[in-house]
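For reference, the structure discussed in these notes is given below.
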Amino acid sequence: MCARVAADNRGRDTILLDLRMLTSIVDYFVIATGTSRRQLHSMADEIDRSMNQCGDEKIGIEGYGESHWVLLDYGDIVIHLFDEPTRLYYDLENLWGDAPRVEWSPAS
């Protein structure tokens, strides 16, 4: 759902990583790229709204004010919303390269 919401809000290169076999800290990462501060905020706000509707409350949020990397923590799911230069710099997909990618499809 988080990946779909990011994609619905024009998030690019959205991926979902399954970390369950690699760490006990978190089950999944959702990673998406936004093109502007406004878009990163829109993705973060809509993901939070959708998660709240499902009964999941955010444990924490980081980077919302700076808007280069917004992190939303829901315990077992952590969402990383980046601008393009920051995503390339931190390269979480390769840092967690052993994590399987979960196939998902945007809403039709």
Global geometry of the chain, whether rounded, prolate or oblate, following the gyration tensor of its Cα atoms and the 1.5 cut on a/c: rounded
Fully extended contour minus Cα-Cα distance, from VAL102 to ASP18, at 0.36 nm per residue: 29.6 nm
Per-pair calculated FRET efficiency, R0 = 22 Å: SER50 and LEU88 via Cβ, rounded to 0.05: 0.20
Two-site label geometry, ASP76 and MET1: point separation in nm, points 7 Å out along Cα→Cβ: 1.2 nm
Residue order, fewest to most surrounding Cβ atoms within 10 angstrom, among ARG87, ARG101, ARG4: ARG101, ARG4, ARG87
Helical mean residue ellipticity (222 nm; -39500 (n - 2.57) per DSSP H run of 4+; nearest 500) of the chain: -9000 deg cm²/dmol
Residues THR86, THR33 arranged by fewest to most Cβ contacts within 10 Å: THR86, THR33
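Read-outs: derived from the displayed coordinates by stated rules, not from any lab. All figures in this text were calculated on a predicted structure; none of them were measured in a lab. As a convention, Cβ positions derive from the backbone with ideal geometry for all residues, glycine included, and neighbour counts pool all protein chains shown.
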